[in-house]
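Data first, discussion second: the structure below is written as structure tokens.
The values are calculated or read from the model by the stated rules, or taken from the named source; none is laboratory data. Note that the structure is predicted; figures quoted are calculated from it, not measured. All Cβ positions, glycine included, derive from the backbone under ideal geometry; neighbour counts span all protein chains shown.
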Amino acid sequence: MWSIVTGNRLFGVLSTTGTRFPAGAYLAKSSAAAPQISREGSRGTIRRFSSDTDKETGVKQPSDDETSLEFPHALNVHYDALNAPPSPTKQPLSVANDPPASAAKAAAAALDALLSETAAAPLPKTPTRELTFLESVDLFFDEAAKLTTVSPALLGHIKECNNLLEFTFPILRTNGQIELIRGYRAQHSHHRLPTKGGIRYDVRVSEDEVKALAALMTFKCATVDVPFGGAKGGVVIDRTKYDDMELERITRRFTVELIKRNAIGPAVDVPAPDYGTGPREMGWMKDTYEAFNPNDIDRIACVTGKPINLGGIRGRDNATGLGVFFGIREFLARTDVVERYGIRKGPGIEGKDVVVQGLGNVGYWSSRFMCELGRARIVAIAERDGFLVSRSPNGLDPTDVKRHFAMHGHLRGYEGPLNVGQGQVEYVPGDPCQALELECDILIPAALESVIHGGNASRIQAAVIAEAANGPVTYAADRYFKTSRKLGVDCPLIIPDLLLNAGGVTVSYFEWVKNLGHLRFGRMTRRVEEKSMRAIANVLERHGMKLEERDLKELEAGADEATLVRSGLEDTICAAVEETWNTAREMNCDLRLAAYCNAIRKIALDVSWWRTRLLCCAPQMFQSDRQLRSWWQSSQVHRTKLTNVGTDDCNPESVCYLWNFPVNFLVIVKTWLKPRICLRRN
């Protein structure tokens with residue numbers, strides 16, 4: 001029974017709708033799981049009791065470490081049955097001398113007598129709210145799932161988060177105080193192992209956030225054909241309030257907590273940098289894991305995004321930003337995309353005005369590649385203290401702005417390079433999200449999630465929204481663009497984060513493969529390529545074609561690690577763009593739903609192969625032929641019996657079935673003790 005008390009007085013019983021009803025009686029005995037409702041305004045708080053009990057009344061008292069849960073609806077009915085005047089139908093309830101069972105029954109009777117009065121009381125209106133990040137991700141998934149032919153049961157399995165770890169650990173600060181730190185690690189899907197996802201340090205880290213980000217990692221990896229499951233972790237801290245030694249202690253202890261729970265390892269779960277973390281933190285995590293696993297030959301692959309001298313890979317630092325550039329370039333190079341969405345200034349990136357929100361790793365490299373490789377003009381850059389707006393024909397220089405921000409910690413005071421005239425750059429203090437509403441051709445939100453929502457979607461003027469961050473556009477904003485904007489006129493082209501933000505995890509995959517192979521990319525091929533190209537140059541010169549020295553060096557240059565990584569990233573993003581656009585045209589949907597559909601199909605196919613593995617392993621779990629026959633007959637999976645297989649197909653020890661999966665294959669179980677599998681693609 002759930003008892004609701006204020007002090008030692010029974011205040012009400014919680015109904016299934018969240019409404020509280022006053023009783024005004026003293027409670028002599030309470031349930032072991034009794035919560036407490038506090039009378040603060042019109043909202044209540046449930047607190048689960050620990051072990052302290054009031055000896056006089058038998059009511060458990062809350063302890064200091066109790067957690068709280070708010071209820072949305074409550075009735076403000078002030079009635080005290082103990083002090084109210086007596087009446088024939090309502091007598092003051094006195095349970096001082098009653099046994100505990102009688103007290104509970106009397107309290108319930110008093111509550112029943114008051115139901116007629118409280119039922120008619122008006123409930124306060126619940127204000128409309130923006131969907132949470134996790135709710136937006138789930139709704140995007142549900143909308144895309146309707147376009148697929150995957151079974152509802154399998155969709156439910158793909159959608160749910162498999163594992164969620166939440167733990168606390170103490171650290172000793174440099175001032176001698178001990179502080180309790182909370183950490184999370186969510187593993188969304190194990191359809192492919194290891195799981196992969198970043199670790200972020202931020203005060204806004206929560207259970208819902210890591211679950212949403214882990215789900216996005218699952219679909220992101222499937223979109224770009226990276227063989228990982230999705231995961232995400234975080235530590236609830238403001239890293240600016242800790243020195244380097246304290247951050248190292250937090251990172252190492254967080255790693256130890258993951259090791260104790262078998263939630264980190266080259267074949268289990270591979271973390272990476274995220275918001276608030278970088279190569280330094282990944283180096284600490286790697287070193288801690290190696291200390292606990294000295295005999296694991298592949299231990300260096302336990303994390304990615306490491307410094308190069310600790311097993312990192314060249315090109316990882318700018319991989320996400322370069323992937324953003326490749327994705328925007330490929331979509332805007334298509335004339336059919338430009339015509340469908342009515343993008344101003346025609347195809348291509350050159351000459352287009354760009355607004356970037358966030359000057360972290362992703363925002364900086366995205367804006368830099370857009371300027372240097374795409375020849376776009378950066379007209380505004382936003383950070384936490386405000387944003388810069390440029391009136392110069394050349395726009396802002398991301399490298400110069402980044403240098404100023406690194407030195408001062410804010411954008412205030414930036415006046416631009418010396419070759420830019422005074423007054424060409426304006427600093428606007430205040431909310432950086434206001435920069436999202438500036439008129440531009442390409443908007444790149446590269447900071448945190450949910451910055452474009454139902455409240456500001458109507459003021460977005462960009463022709464292209466390139467989601468460089470994770471989930472910057474909420475479901476409400478996405479619905480507004482689809483329903484209130486006209487395609488080809490003012491509806492923006494939204495390039496989804498599932499594709500555009502996948503550059504980081506793609507190069508992390510390359511780093512993981514490099515660590516498992518214990519060999520640097522290009523080490524065995526670079527010199528061979530240089531000699532081959534030099535021989536070609538010599539042949540050309542013998543036939544009268546004189547090459548300049550600069551051209552000769554470019555021709556003879558072999559592919560080193562950075563070149564190979566960049567080539568692999570470009571190929572991955574270009575292939576994903578092609579696949580996503582083809583799906584969007586085939587299903588007549590937007591790019592986000594197309595990316596989700598492709599991801600769902602691939603994951604569903606992987607899970608189907610799991611079922612094959614279960615078919616071959618399950619017979620080993622049975623003790624007799626009779627149990628095996630019962631298992632075959634009770635199986636709900638659709639199958640068709642085959643003939644002419646050279647065995648007695650009536651014998652449960654020798655069975656052959658054709659399973660109707662997305663990719664049909666034959667499964668042969670030779671004996672229930674020693675099963676054998678043979679797969680054949682149709």
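Data table
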| quantity | calculated |
| --- | --- |
| Residues of the stretch 326-339 that turn out to be out of contact with any Phe, Trp or Tyr (no Cβ under 6 Å at 6 or more places or on another chain), under 18 Å from Leu500 (Cβ atoms) and either part of a loop (DSSP other than H, G, I, E, B) or of a type outside the set (Phe, Trp, Tyr) (or both), as a count | 8 |
| Test result for Ala559, of a type in the set (Gly, Ala, Ser) and surrounded by 19 or more Cβ atoms within 10 Å (Cβ to Cβ) | no |
| The stretch 426-463, residues that are part of a strand (DSSP E or B), surrounded by fewer than 24 Cβ atoms within 10 Å (Cβ to Cβ) and of a type in the set (Val, Ile, Thr) | Val428 |
| Qualifying positions in the stretch 562-575 - surrounded by 14 or more Cβ atoms within 10 Å (Cβ to Cβ) and either out of contact with any Gly (no Cβ under 8 Å at 6 or more places or on another chain) or among the β-branched types (Val, Ile, Thr) (or both) | Thr563, Val565, Gly568, Glu570, Thr572, Ile573, Cys574 |
| Residue check, Leu487 in contact (Cβ under 8 Å) with a residue 40 or more places away in the chain and under 23 Å from Ser392 (Cβ atoms) | no |
| Residue list for the stretch 129-170, restricted to those being among the β-branched types (Val, Ile, Thr) and within 15 Å of Thr474 (Cα to Cα) | Thr132, Val137 |
| Residue that is touching a Cys at 6+ places or on another chain (Cβ under 7 Å) and assigned by TED's automatic domain parsing to the domain that holds Pro496, where the choices are Ile460, Ile442, Ile378, Ile465 | Ile378 |
| Residues that are among the charged types (D, E, K, R), touching a Pro at 6+ places or on another chain (Cβ under 8 Å) and either part of a helix (DSSP H, G or I) or surrounded by 18 or more Cβ atoms within 10 Å (Cβ to Cβ) (or both), drawn from the stretch 287-303 | Arg299 |
| Sole residue being part of a strand (DSSP E or B) and within 23 Å of Gly265 (Cβ to Cβ), chosen from Arg185, Arg192 | Arg185 |
| Flag if Leu564 is more than 26 Å from Gly315 (Cβ to Cβ) and at pLDDT 90 or above | no |
| Total residues in the stretch 483-508, condition at pLDDT 90 or above and in contact with a Cys (Cβ under 8 Å, 6 or more places away or on another chain) | 2 |
| Elements of type strands (runs of 3 or more DSSP E) in the stretch 349-420, at least 1 residues being over 20 Å from Arg329 (Cα atoms) | 377-383, 386-390 |
| Subset tally (residues that are in contact with a strand residue (DSSP E or B) (Cβ under 8 Å, 6 or more places away or on another chain) and in a helix (DSSP H, G or I)) for the stretch 270-286 | 4 |
| Residue in the stretch 573-590 that is of a type in the set (Asp, Glu), in contact (Cβ under 8 Å) with a residue 40 or more places away in the chain and in a loop (DSSP other than H, G, I, E, B) present | yes |
| Every residue from the stretch 151-190 that is acidic (Asp, Glu) and more than 17 Å from Arg253 (Cα to Cα) | Glu160 |
| Enumerated helices (runs of 4 or more DSSP H) restricted to the stretch 483-551, each holding at least 1 residues that are within 28 Å of Gly360 (Cα to Cα) | 497-500, 503-517 |
| Residue match in the stretch 580-594 (condition: among the aliphatic types (A, V, I, L, M), in the same structural domain as Phe510 (by TED's automatic domain parsing) and within 17 Å of Gly503 (Cβ to Cβ)) | yes |
| Qualifying residue in the stretch 226-240 (condition: part of a helix (DSSP H, G or I) and free of Cβ contacts under 8 Å to residues at least 40 places away in the same chain) | yes |
| Of residues in the stretch 468-482 being part of a loop (DSSP other than H, G, I, E, B) and touching a strand residue (DSSP E or B) at 6+ places or on another chain (Cβ under 6 Å), the one surrounded by the most Cβ atoms within 10 Å (Cβ to Cβ) | Ala468 |
